[in-house]
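> Pasting a structure here, questions to come.
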Amino acid sequence: MPNSLTIHRLIERLNSGDVTSRQATEACLNRIQSIDRELNAFIGFDSEEALTQADVADKTRANGGEGALLGVPIAIKDAIAVKDHPLNCASKILGDFVSPYDATVIRKLRNAGAIVFGRVNMDEFAMGSSTENSSHGPSRNPWNIKHIPGGSSGGSAVAVAADECVASLGSDTGGSIRQPAALCGCVGLKPTYGRVSRYGLVAFASSLDQIGPLTKDVRDSATMLQVIAGVDDRDSTSVSEAVPDYSSNLTGDVKGLRIGLPREYQVDGLDSEVKDSVNSAVECLAERGAEIIEISLPHTEYAIATYYIIATAEASANLARFEGVRYGARVNGSDPQEMNSKTRGIGFGEEVKRRIILGTYVLSSGYYDAYYLRAQKVRTLIREDYLKAFEEVDLIASPTTPTPAFKIGEKVDDPLQMYLSDIFTISCNLAGLCGISIPCGFSKHGLPIGLQLQGRPFGEPDLLRCAHTYEQATDWRNKKPKLD
Amino acid sequence: MEYEAVIGLETHVQLKTHTKMWCGCANEYGSEPNTNVCPVCLGLPGALPVPNAEALRKTALTGFLLNCDVPSYAKWDRKNYFYPDNPKNYQLTQLDFPSTVSGCVEFEFGGGVGKVRVNRAHLEEDVGKSFHFSDFSGVDFNRAGVPLLEIVTEPDISSPDMAYEYLNALKSILEYGGVSDCDMEKGQVRCDVNISVRQKGDTELGEKVEIKNMNSFSGVRRAARYEISRQMEVIESGGELVQETRRWDDDAGITDGMRTKEDAHDYRYFPDPDLMPHRPSEEWLAAVREEVVELPLARKRRFMTSFQLPESGAEVLVADARLGDYFEEVSGEGKNPKLVANWVINNLRAKLVETGISIADLKFSSTAIPELVGLVEEGQISSSIAQEIFADMFETGKDPKVIVEEKGLSQMSDSGDLEAFCRDAIEANPGPVDDFRKGKETALNFLKGQVMKASRGKANPQVVGDLLVKILNG
Amino acid sequence: MNVDLSRVVRLARIELTSEEEHRISPQLAAVLRYVEKLKELNVEGVEPTAHAVPLENVLREDELRVSLTQEEALSNAPKTVNGLFVVPKIVE
Ligand SMILES: [Zn+2]
């Protein structure tokens, strides 16, 4: 079925006339119809509109038109603005909000001919690691529906892994693309901070957020990045660095590539199956000529504390705009203050409230220096650790997560335990690096395990080349969850 | 007991730009509500700010005009507070690294020069405008995101009059520099006043009272006067002053305390992650410096010394900068700048007001007024004819000499031509002639007037007077 | 770790139910205890990092862009009157 194809295979078949974009889109819609009641990956979609886009794409192709994603159905995390479509961030607070504008990445996807269809589930405002914090209810892991799919871009990962779309966009603030990709067995790329415009991504933590693709293989990841990367005059933090040709760099050759293994990543709570799978993956790369070097990232143990201060502080301001004045589900009050407080008290879910409160606290008078300023300084130390390591190595390999997907409900009452599971992914955002998660095995219970590679800022070419080499050397990508 | 007031001002001035601070919406007053808005300035989810280069240039320019330093590093911070007119519920501003610091404003005050130090002039964004109805309020976000410069003085101001003069001086500097139109009616200038009172000779400052959101300079003066006497009364009566924010009620002529919760001012500032710091380069600063103009006080002094203008005239030309520019343009290296100034200040200004025409649309050339002055000086036309010619050239744009030529207005000085007019006048007015002969000198003026009338003003009055005397005595 | 939760929720404008307060209070305390570990580090002389990339002077020229129409601007508003966003009466 076309919905199970990678982007590049689908494009080949669309070009050969084997299949139409309408058929591919219908296949995705049918797939959603048949399995999404169980998986709950989608918050909403407009079949009619999707098929109209598909017909336009088919016509364009028939008229000789081209586009890197011409006719390819892409699902979008419900945190990215799509003009004339609802935008909820899986929160009640946005009510019936409809975006009057397109995010820059959406504009770029459309320019490349993509079918932008469907809003996928997430943790509310991207705050979470399990997609359990969604006003739309939790998404489920396609490999075992009793387990979480990871988060916050859980819907994006589920939709790709379960072939409900061909590829999707997610956002990653502390691992929110890589972690669900690892837990669902697909490829998730967090580009370097500034590589992809954030304009139109509802901000969680502005200095950490980055949009990235979730795909069925590494080549697709390169294709998607190619389309969405680049400087944007609507995002002051996007970088004008030239965008290289990512796909042409997928040579399958890692000879001489130096891969670092951080000593500090041997943490308590690292699952032995995860550890073994990642070790085999590293060996596989070594066999193909990569040089494996032990490195040190001495401030690793401070990353989670640093992250939760910086991210929540930024979030406390970013989410202040949701107060019921200009949009969203207002709860009435006798004065604006009461209206705001009730609207936010009822509209936000508990994790969001927790984080806003924490963020407000660490910025408040008398605490700023002790918490926020100190965290910003430790962030410098963490960043310096990485930049120093990247003098010795080109990439850093590790597990994406310490364990395979845990069960739904297992950690909801212990937010701190949930936060601690982000240990391997968080530093990448703090340091502004690029990172990718690719499948590297399964637990004995059949749950996917992810290998994370991290690269220096704008080091996506090396990152993708290495990930692609490993992927092609194994056949994890060909395993599909049994859902029918 | 003798008291002195210590006053500091925070003046918010909207910058004159085409677009807002972070987005391409028009920076425009008077549009239909919520029409100059976009995802950015409405604070929609996902929108991001990008700074307006022109606002930063105008900020640096203001810095130069106010004798400030423009530091090599400036950054943006979020000031967090909820208010319905504040779209993001944080205001972007510059907390600890503002774009300009440490300057001063000099102005004429109390027969000398007043000087107020400027602590900083930092850039921030304006908020929307609220309208209050009987049972609800409404918000228009057209103003939200308009670049706003906050100019903060040191507590150098010692009286309400000094505050008033400082504000006027600041306004004219900003208008002169093209930084802001400073239109009070449009709310382009708003002021917070900090006032404390202490015993003369004390070095410690008293408890500071802030009067917020004043929108007229005279209001600032009145409020300051009221507040100073209120604070003195409190001290005199043994009461204690508290640091607080008060509001000026212009109708009642009093300030009253505002209800504020104890933690209302925990703004939780932190660096804005969406905006990158600004490091002005030497080239960038040099380009801004090119735009620095002469300040009003300096210009007035120059007008008085270089052109020998009287103070009143110089003041008119400084107060109306365009008129002053025009004066400088037309007087050029002319011989009679003082006379040219008179024409510009009196005749031209009146005509412009009367017709509503702007200087840019004047029909006559920049050499016309000096030429007209020259014709009078050389005795070719009388000053009353000059008035007529001026009206004509204002209307038609013709050169004065052309008008003189066409209308045959040049002065009659030839005694041969004038004699006939004189004899006619003598013949027609036997009464006054008689009076004159009886020694009534003023009768001569009447006869002179008759000759002028008959010559349609062209006769040279000097020559006419001499001729009349000659004929009557002859 | 004692957090004056009522002060913080007032600043954050979030009305909590008492159950929420009881649940969140200890959770918050636990997280704050955890982040105390940053105090182990000597950060003297370390520059704070506010941005993940070292960019500066990112500016736009003062050029007009199309704004939303009033209808678009108000399209998501909970309540409007005469082109204005309506809120409960602001009392100063
Ligand atoms: Zn705007």
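The values are calculated or read from the model by the stated rules, or taken from the named source; none is laboratory data. These numbers come from a predicted model, not from an experiment. So basically every Cβ, Gly included, is an ideal-geometry build from the backbone, and we count neighbours across all protein chains shown. Note: areas computed on protein heavy atoms with side chains; ligands, DNA, RNA excluded. Shrake-Rupley method; radii C 1.70, N 1.55, O 1.52, S 1.80 Å.
> When only C-alpha pairs under 8 Å and at least 6 residues apart count, what is the relative contact order of the range B:296-407, in percent?
Values: 93 pairs, mean separation 22.3, N = 112.
Reported as a whole number, the value is 20 percent.
> Find me the longest stretch of chain B that has none of the exposed chymotrypsin sites (Phe, Trp or Tyr not before Pro), where exposed means in a DSSP loop (not H, G, I, E or B) with at most 13 other Cβ atoms within 10 Å. Spell out each step's value before the answer.
Working: sites that count: B:TYR73, B:PHE133.
The reported range is B:134-474.
> Go through the range A:405-448 and flag every residue whose accessible area shrinks by 40 Å² or more with all protein chains in place compared to the isolated chain (probe 1.4 Å).
SASA drop of 40 Å² or more in the range A:405-448: A:LEU416.
> Continuing with this model, one more query. Roughly how much accessible area, to the nearest 100 Å², goes out of reach of solvent when C and B pair up, both sides summed, probe 1.4 Å?
Values: alone 9840 and 24250 Å², together 30200 Å².
Summing both chains' loss of accessible area gives about 3900 Å².
> Please give the FRET efficiency for B:GLN308 paired with B:ASN473, using the beta carbon to beta carbon distance and R0 = 51 Å, rounded to the nearest 0.05.
Values: r = 42 Å, r/R0 = 0.82.
That pair, B:GLN308 with B:ASN473, gives E of 0.75.
> Take every Cα pair under 8 Å in chain B that's 6+ residues apart, average their separations, divide by the length, and report that relative contact order as a whole percent. Numbers along the way, then the final one.
Details: 824 pairs, mean separation 65.0, N = 474.
Relative contact order of chain B: 14 percent.
> List the pair-distance distribution P(r) of the range B:101-150, using every Cα-Cα distance, as the percent of pairs falling in each 5 Å bin from 0 up to the bin containing the longest distance, rounded to whole percents.
5, 15, 13, 12, 11, 11, 11, 10, 7, 3, 0
> In whole Hz, with x marking every Gly and Pro, tabulate ³J(HN,Hα) for the range A:293-305 from phi via Karplus 6.51 cos²θ - 1.76 cosθ + 1.60, θ = phi - 60°.
10, 6, 10, 10, 10, x, 9, 3, 5, 9, 5, 5, 4
> With a Förster radius of 41 Å, plug the Cβ-Cβ distance of A:LEU387 and B:VAL113 into 1/(1 + (r/R0)^6) and report the FRET value to the nearest 0.05. Intermediate values should be presented prior to the final figure.
Working: r = 55 Å, r/R0 = 1.34.
Working from the Cβ atoms, E equals 0.15.
> Using the alpha-carbon atoms, what tilt in degrees (0 to 90, nearest 10) does helix C:18-35 show relative to the longest principal axis of chain C?
Tilt of helix C:18-35: around 60 degrees.
> With contacts defined as alpha carbon pairs under 8 Å and 6 or more residues apart, what's the relative contact order of chain A in percent?
Values: 1187 pairs, mean separation 85.3, N = 484.
Reported relative contact order: 18 percent.
> Can you pull the Kirkwood radius for chain C, inverse mean 1/r over Cα pairs, to one decimal in Å?
On the way: mean 1/r = 0.0511 Å⁻¹.
Taking every pair of different Cα atoms in chain C, averaging 1/r and inverting gives 19.6 Å.
> Between A:GLU410 and A:GLU294, what is the spin-label point distance in nm, taking each point 7 Å from the Cα along the Cα→C-beta axis?
So the two model labels end up 3.0 nm from each other.
> Additional query: For chain B, what percent of Cα pairs sit more than 28 Å apart?
Working: 72879 of 112101 pairs.
Beyond 28 Å sits 65 percent of the P(r) for chain B.
> Counting only the heavy atoms of the protein chains, how much of B:VAL469 is accessible to a 1.4 Å probe, in Å² to the nearest 10?
For B:VAL469, solvent-accessible area is about 50 Å².
> How well do other chains shield peptide A:90-101, expressed as the mean number of their Cβ atoms within 10 Å of each residue Cβ? The partial results should precede the final answer.
Values: counts 0, 1, 0, 0, 2, 2, 2, 4, 3, 5, 11, 8.
Counting Cβ atoms of other protein chains within 10 Å of each residue's Cβ and averaging gives 3.
> If you don't mind, there's one more thing I want to ask. Taking the Cα centre of chain A as the origin, how large is its charge dipole in debye, to the nearest 20, when only Lys and Arg (+1) and Asp and Glu (-1) carry charge on their Cβ atoms?
440 debye
> Let me ask you something else. Around A:ARG258, what is the net charge, scoring Lys/Arg as +1 and Asp/Glu as -1 over all other residues with Cβ under 12 Å from its Cβ? It would help to have the intermediate numbers written out before the result.
Numbers: positive: A:LYS255, A:ARG456; negative: A:GLU291, A:GLU294, A:GLU391, A:GLU392, A:ASP394, A:ASP462.
Residues close to A:ARG258 contribute a combined charge of -4.
> Mind checking which lysines have their Cα closer than 30 Å to the Cα of B:LYS300? Skip sequence neighbours fewer than 8 apart in that chain.
B:LYS16, B:LYS58, B:LYS115, B:LYS171, B:LYS186, B:LYS335, B:LYS338, B:LYS351, B:LYS363
> Kirkwood hydrodynamic radius, the range B:415-472, all distinct C-alpha pairs: what's the number in Å? Don't skip to the end; give the middle numbers.
Working: mean 1/r = 0.0914 Å⁻¹.
Value: 10.9 Å, from the Cα pair sum.
> Further question on the same structure: How much accessible area per residue does the protein assembly as shown have, counting only protein heavy atoms and a probe of 1.4 Å, in square angstrom? Show your work: numbers first, answer last.
Numbers: 40900 Å² over 1050 residues.
For the protein assembly as shown, the solvent-accessible area averages 39 Å² per residue.
> Placing unit charges on C-beta atoms (Lys and Arg positive, Asp and Glu negative, everything else neutral), compute the dipole magnitude of the protein assembly as shown about its Cα centre in debye, rounded to 20. Walk me through the numbers on the way to the answer.
Working: 114 positive and 154 negative charges, 288 e Å.
Taking the Cα centre of the protein assembly as shown as origin, the dipole is about 1380 debye.
> A further question follows. Compute the FRET efficiency between A:LYS275 and A:ASP18 as 1/(1 + (r/R0)^6), taking r as their Cβ-Cβ distance and R0 = 35 Å, and round to the nearest 0.05.
Efficiency, rounded to the nearest 0.05: 0.25.
> Kindly list the residues of the range B:37-61 that lie in the label zone of B:ALA287, defined by a backbone N under 15 Å from the point 7 Å along the Cα-to-C-beta vector.
B:52-61
> While we're here: Mind checking the angle between helix B:296-306 and chain B's longest principal axis? C-alpha axes, 0 to 90 degrees, to the nearest 10.
30 degrees
> So how tilted is helix B:415-428 from the main axis of chain B? Cα-based, degrees 0 to 90, rounded to 10.
80 degrees
> How far apart, in nm, are the 7 Å Cα→Cβ label points at A:ALA473 and B:THR355?
8.8 nm
> Still on this structure, I have one more. Measure out, as a whole number of angstrom, how far apart the alpha-carbon centroids of the range B:338-362 and the range A:180-255 sit.
64 Å
> Shifting gears a bit: Counting only pairs 8 or more residues apart or on different chains, how many lysine pairs in the range A:383-484 have their Cα atoms under 18 Å apart?
Details: A:LYS407/A:LYS444; A:LYS444/A:LYS479; A:LYS444/A:LYS480; A:LYS444/A:LYS482.
Step by step, the pairs that qualify in the range A:383-484 add up to 4.
> Could you tell me the convex hull volume per residue, in Å³, taken over the Cα atoms of the range B:351-406?
Details: hull volume 4.1 nm³, N = 56.
Taking only Cα atoms, the range B:351-406 has a hull volume of 73 Å³ per residue.
> Right, something else. When the gyration tensor of the range A:274-361 is built from Cα positions, what are the square roots of 5 times its three eigenvalues, in whole Å, from largest to smallest? Display every interim value, and only then the final one.
Working: eigenvalues 437, 44, 21 Å².
They are 47, 15, 10 Å, listed from largest to smallest.
> What does a probe at B:GLN387 reach in the range B:394-421, counting residues whose amide N is under 19 Å from the point 7 Å along Cα→Cβ?
Counting backbone N atoms under 19 Å from the label point, the list is B:394-396, B:400, B:404, B:409-412.
> Just how many % of Cα pairs in the protein assembly as shown lie over 57 Å apart, if you round to the nearest whole percent?
Values: 165111 of 550725 pairs.
Value for the protein assembly as shown: 30 percent of Cα pairs lie more than 57 Å apart.
> Checking an interface number: how much accessible area is buried between A and C, summed over both chains, with a 1.4 Å probe, in Å² rounded to 100?
5500 Å²
> Given points 7 Å out from each Cα along the Cα-Cβ axis, report the A:ASP55 to B:GLU236 separation in nanometres with one decimal.
8.6 nm
> Give the separation of the Cα centroids, the range C:11-86 to the range B:53-104, in Å.
20 Å
> For the protein assembly as shown, with all protein chains present and a 1.4 Å probe, just round the carbon and sulfur fraction of the accessible area to a whole percent. Spell out each step's value before the answer.
Working: 19140 of 40900 Å².
Looking at the protein assembly as shown in its full context, I get 47 percent from C and S.
> Mind computing the radius of gyration and Dmax over the alpha-carbon atoms of chain A? Å is fine for both.
Answer for chain A, Rg first and Dmax second: 21.0, 70 Å.
> Still on this model: With +1 assigned to the C-beta of every Lys and Arg and -1 to the C-beta of every Asp and Glu, and no other charges, what is the dipole magnitude of the range B:3-289 about the Cα centre in debye, to the nearest 20?
Value, rounded to 20: 540 debye.
> For B:ARG279 and B:LYS440 in the same chain, what is the full-extension length gain: residue separation times 0.36 nm, less their Cα-Cα distance, in nm? Intermediate values should be presented prior to the final figure.
Working: separation 161, 0.36 × 161 = 57.96 nm, distance 8.30 nm.
Here the answer is 49.7 nm.
> 5 Å is the cut-off here: which amide hydrogens, built 1.01 Å from N in the peptide plane, fall below it relative to B:GLY114, excluding neighbours closer than 5 in sequence?
Here the answer is B:PHE107, B:GLU108, B:PHE109, since their amide H atoms fall under 5 Å of that of B:GLY114.
> Using just the helices of the protein assembly as shown, give the 222 nm mean residue ellipticity in deg cm²/dmol: DSSP H runs with n ≥ 4 each add -39,500 (n - 2.57), and the total is spread over all residues, rounded to 500. Working shown, then result.
Working: 34 runs with 395 residues, N = 1050.
Value at 222 nm, helices only: -11500 deg cm²/dmol.
> Ok, one more. Roughly how big is the B-A contact, given as buried accessible area in Å² (both sides, 1.4 Å probe, nearest 100)?
Working: alone 24250 and 18450 Å², together 39940 Å².
In total, this chain pair buries about 2800 Å².
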